[in-house]
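See structure below.
Nothing in this text is a laboratory measurement; each read-out follows from the coordinates by a stated rule. Remember, predicted model here, so these are calculated numbers, not experimental data. Don't worry about glycine lacking a Cβ; one is built from the backbone with ideal geometry, like all the others, and counts go over all protein chains shown.
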């Protein structure tokens, strides 16, 4: 373990020479980067975060975000803060990135991969770039400790669970939901059938997979819609013996981050409670 | 003259086709299931997954397709006879899009959760208002062109409102459902939707059922019909209400499905000797058959997520519509 840390420090030293002072006016333009930035940075380092960071339905860091000016990922807004670092994601508008680059602003891009490993890497790299390596390691440690509370289960003993979202979407390989299901000791038939990503599947297919439990995760404050009514189909109710679909709030999945561990705990509780 | 014999033969043929297509519809879904097992689980043995798919998914969907299609075919025949205009289908005179608007208002703004029948009620009111608007714009006995133009205007306005309201609706999913309301879909229909649709459509059908003779009289022109005992203002009120009841209830579940109400009465009219009263039942049967066939087509098309059923009915209906216009031109109308 200590050898790994040393190697990592050495690596960091070569990538980011010690002469580079930690940035003091960091701007983030996306909810996913807002969350990691606010968790890792010293508040004085943060110049602006995106408006979504204050959204109660999707943001995990509303309390941390409330003190900072917000932006809407518009180039003029971003520049007005004269940032010495802009944290971006693979989803950041390429035009915005292009202009930032032309004007000579420094950027740090998160990978936002859909696994605990990818989350760990993102945290570690951003923390180093912010000069907050110890905070990064602490955040990773908390996440790992949380995850270790859910003991692993043999494959055959695992019950089957699917995510079923409004409009009939399910989560297959390479999604945060699938990673969390696996870590919490469920089997995900959609992933086992080779379904990749977040795709709509016919209700008949859901039925034939015969899940023991269905999880769902409505986006935002919901109103009435056909998409949401689909989750109340009598066929699903009878399939599940009238147990309700279990709702895991959307903010756990919208961005990869240490909150995934909390979602895993909820999925684990649901599995243990079922026994 | 068409005899009772050929009328019976037509009804038997349509009935037979409906039974066959309905059976086919139970066999075809997004996933292949063993039908014998499904039947056994549904009616004899213990409830299993195949039985659930058959009874909770495929049977309600088949019934709703038949009922909604029948409503559109029947109401197309009624409107065409009443307005004595071959193009006066529910889709063209605005009742379908009006119903969609009414349903959208009740569903996305929380009214539909108040009581079950709020949704079809919204559809019925929307259908009635839209049809009346077209009727008032075009006037009684309007020429084909006037009626179409009034219909186009009201349809465009209504669908624009549907789109606007879905954009303003509180649900984050509303915007993605625009296509569904404009093109219609039978995906994920359940028993619940069947019960929502049933009372209004049946009431509408029954109100229409006894007006066949008055519609026959109308073929002689309004004055002659009046002198022969048809009470025209009452007939008109009654039929407008009946169409709104039936179309409003059906569309509030399926979304606005086009062309069935236009195409079916036209195809069948020559077979019943151009007599409105004889056209009603075959049009209903033909409408149900056509919508069910279109829906089977939708299920067979390979696509991620389902194609909307209105896409298929429009693909069949629009060329037919063009052909109608060309025929009209040739016959010098």
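Helical content of chain B, expressed as a calculated mean residue ellipticity at 222 nm, amounts to -23500 deg cm²/dmol (DSSP H runs of 4 or more residues, -39,500 (n - 2.57) each, divided by residue number, nearest 500). You can think of it this way: the chain between residue B:31 and residue B:236 has 69.1 nm of extra reach, that is 0.36 nm per residue less the Cα-Cα gap. One Cα centroid belongs to region B:237-295, the other to region A:112-163; the line between them spans 59 Å. Each of the peptides A:147-158, B:49-60 was scored by the mean count of other Cβ atoms within 10 Å over its residues; in descending order, highest first, they stand as B:49-60, A:147-158. For region B:65-330, the alpha-carbon radius of gyration amounts to 0.95 times the rule-of-thumb value 2.2 N^0.38 Å expected for a compact globular protein. In this rough spin-label picture, where each label sits 7 Å from Cα along the Cβ direction, the residue A:74-residue B:8 distance is 7.7 nm. Inter-chain Cβ neighbour count for B:188-195, averaged per residue, equals 4 (cutoff 10 Å, partner chain atoms only).
With N counted as the residues of the protein assembly as shown, its alpha-carbon radius of gyration over 2.2 N^0.38 Å works out to 1.21. Per residue of B:110-117, other chain Cβ atoms within 10 Å of the residue Cβ number 1 on average. With respect to chain B, whose longest principal axis is taken over its alpha-carbon atoms, helix B:191-209 is tilted by about 20°. Looking at region A:166-205, what % of the alpha carbon pairs are farther apart than 16 Å? Counting every Cα pair in region A:166-205, those more than 16 Å apart make up 27 percent. Counting only alpha carbon atoms, the long axis of helix B:95-108 and the longest principal axis of chain B meet at about 40°. Under 37 °C and 0.692 mPa s, how fast does region A:132-275 diffuse according to Stokes-Einstein, given a Kirkwood radius computed over C-alpha pairs? Answer in µm²/s, whole number. Reported coefficient: 207 µm²/s.
Counting only other chain Cβ atoms within 10 Å of each residue's Cβ, the peptide A:196-206 averages 4.
Working from the alpha-carbon coordinates of chain A, get Rg over Rh, Rh being the Kirkwood radius. My calculation of the ratio gives 1.01.
Against the empirical 2.2 N^0.38 Å (N residues), region B:246-333 has a Cα radius of gyration ratio of 1.22.
Roughly what angle does helix B:118-138 make with the longest principal axis of chain B, taking Cα atoms, 0 to 90 degrees, to the nearest 10? With both axes taken from Cα atoms, the answer is about 30 degrees.
Shape analysis of region A:16-147 based on the Cα gyration tensor places the equivalent ellipsoid semi-axes at 22, 17, 14 Å, largest first. Contact order for chain B, expressed relative to its length and based on alpha carbon pairs under 8 Å spaced 6+ residues apart, stands at 29 percent. Using just its DSSP H runs of length 4 or more, each adding -39500 (n - 2.57), chain A gives a mean residue ellipticity at 222 nm of -12000 deg cm²/dmol after division by all residues. Computed over every Cα-Cα pair of region B:29-162 and binned at 5 Å starting from 0, the pair-distance distribution P(r) comes out as 2, 10, 14, 15, 13, 11, 10, 9, 7, 5, 3, 1, 0 percent. For chain A, the relative contact order works out to 18 percent when only alpha carbon pairs closer than 8 Å and six or more residues apart are counted.
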